[in-house]
1. What residue, of GLY370, GLY366, GLY358, is in a helix (DSSP H, G or I) and under 17 Å from GLY315 (Cβ atoms)?
2. Just one of ALA349, ALA355 is aliphatic (A, V, I, L, M), over 30 Å from ARG117 (Cβ atoms) and away from ligand 1 (no atom under 13 Å from the Cβ); which is it?
3. Looking only at segment 316-329, decide whether some residue is part of a helix (DSSP H, G or I), within 21 Å of VAL75 (Cβ to Cβ) and either away from ligand 2 (no atom under 13 Å from the Cβ) or among the aromatic types (Phe, Trp, Tyr) (or both).
4. Which one is nearest to ILE372 (Cα to Cα), of the residues in segment 6-23 that are of a type in the set (Gly, Ala, Ser) and in a strand (DSSP E or B)?
5. Quick check on my filter: what residues within segment 149-186 are within 23 Å of GLU377 (Cα to Cα) and open to solvent by 40 Å² or more (accessible area, probe 1.4 Å)?
6. For the structure I just gave you, tell me whether TYR77 is modelled with pLDDT of 95 or more, surrounded by fewer than 19 Cβ atoms within 10 Å (Cβ to Cβ) and of a type in the set (Phe, Trp, Tyr).
7. Could we say that GLY298 is at positive phi, in a loop (DSSP other than H, G, I, E, B), within 15 Å of ligand 1 (Cβ to nearest atom) and open to solvent by 10 Å² or more (accessible area, probe 1.4 Å) here?
8. Which of the residues spanning segment 225-241 are surrounded by fewer than 24 Cβ atoms within 10 Å (Cβ to Cβ) and part of a loop (DSSP other than H, G, I, E, B)?
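The values are calculated or read from the model by the stated rules, or taken from the named source; none is laboratory data. All of these numbers come straight from a predicted model, not from anything done at the bench. Here the Cβ is made from the backbone with ideal geometry for all residues, glycine too, and neighbour counts use every protein chain on show. Heads up: the accessible areas ignore ligands, DNA and RNA and are worked out on the full protein's heavy atoms, side chains in. Shrake-Rupley method; radii C 1.70, N 1.55, O 1.52, S 1.80 Å.
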Amino acid sequence: MTTDTILAGRVLSFAQSPFAGDPQDAVHLFDAVLVRAGHVVTTGSLQDIKAQSPDATLYDYGDALIMAGFVDAHVHYPQTAIIASWGKRLIDWLNSYTFPEEMQFHDPAYASEIAGRYFDLTLANGTTTVASFCTIHPESVTAFFEAAQRRNLRVVAGKTCMDRNAPEGLRDTAQTAYDHSKTLLQAWHGTGRASYAITPRFSPTSTPAQLEALGALWAEYPECLMQTHLSEQTDEVRWVKELFPQARDYLDTYEAHGLLGARGLYGHAIHLEPRERDRLAEVGGALIHCPTSNTFIGSGLFDMAARMAEGQRVGLATDTGGGSSFSMLRTMAAAYEIGQLSGTALHPAQLLWLATAGSADALHMGDKIGNIAPGMEADLVVLDLASTPAIAQRAARAEDIWEAVFPTIMMGDDRAVKAVWVAGTCTN
Ligand code: GUN
Ligand code: ZN
């Protein structure tokens, strides 16, 4: 008996980065994709694919777009319940909304409830991989990985470490941050589809001793990712300069403690100085663009075109709940709008690439997820390109695939997500 599955529709595959040349040349469209044992076998015409596997089960999605599931490269799952909280900027937003909520994650039952709710929301939005901050509580990490494991999702997460400038009950120490991170890393990194990221929240909430301890842990486990925040708001950058008077710049607070590397994920990275940009490009650390968060908390405009021209590795993310949405469609729309404000209209192929292959590359998982190509894991999203009357009437006029897709990028939401496949299994 065969376990093969064929998905038919408009199958989108990237042959290269759409930032490398003409964006249109980066994309191939096929009629069908053949899936076996959780992986993509091949793409092609429906006739050829059927000939290759005559007994396969066929899912015919008509003219819907079939592409890699979205990869959200920077989120805070514990902030699910405080998304869209009004009126604050970064530091008072953290103190007013975020820290009180994160305090509750010492309770495994609460952590588990929110992790489940978070994955229900992200899957409904077509996101199949996230890289999440947890809280300082090891229970929050366990709850997250268990919830992901139940859904067979490829995920990244780590215990958020903070030993200063955070309330009582939300602080660890240099030593416990090291010890708990190491225990969790040993339990989860490489277990099924889970990966561990060493996670100092950001320099203002870690003493140099804690950064040093986490740098040492990363040196012991260089195969792990490291995730943090960098230069999100100008007030924050000034505060970092006060807290670290010896540092050349914000990035140096990480660099000096062994926390700069190719497997580093630097959230926001908006207000960078020339030395920081040069070092990030040299090392290959990833800048994670969080456009709905950057507008919502009032952080600033990330200059995508300039960063790409420098050769930076860039991923895309919601930054839930500083970001105002769980949807990578909404996130692509915000990235487009911020691009326009900076003088560059990002092509739809570039937006889709950032939300899939680009983010996967930032997570060093570009050989596993983020594209439909032979051997890749079959995490897929099927998008209805006429999901609302407003989108449908615009898409009806489309003369090519990009005109057909762009209204869904700009106006689409979870109603556009027709199906989500995780490791070759349909989830809905
Ligand atoms: N910087 C440090 N912590 C956070 C957080 O939780 N969200 C955002 N947007 N920025 C941060
Ligand atoms: Zn963040």
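1. GLY358
2. ALA349
3. Keep residues of segment 316-329 that are part of a helix (DSSP H, G or I), which gives 328-329.
Checking the rest, the ones that are also within 21 Å of VAL75 (Cβ to Cβ) come to 328-329.
Next, only the ones that are either away from ligand 2 (no atom under 13 Å from the Cβ) or among the aromatic types (Phe, Trp, Tyr) (or both) stay: 328-329.
Checking segment 316-329: at least one residue is part of a helix (DSSP H, G or I), within 21 Å of VAL75 (Cβ to Cβ) and either away from ligand 2 (no atom under 13 Å from the Cβ) or among the aromatic types (Phe, Trp, Tyr) (or both).
4. Among residues in segment 6-23 that are of a type in the set (Gly, Ala, Ser) and in a strand (DSSP E or B), the one nearest to ILE372 (Cα to Cα) is SER13.
5. GLN149, ARG150, ARG151, ASN152
6. Considered against the rule, which asks whether it is modelled with pLDDT of 95 or more, surrounded by fewer than 19 Cβ atoms within 10 Å (Cβ to Cβ) and of a type in the set (Phe, Trp, Tyr), TYR77 comes out as no.
7. Values: at positive phi: yes; in a loop (DSSP other than H, G, I, E, B): yes; within 15 Å of ligand 1 (Cβ to nearest atom): yes; open to solvent by 10 Å² or more (accessible area, probe 1.4 Å): yes.
Yes.
8. Within segment 225-241, GLN233 is the sole residue that qualifies.
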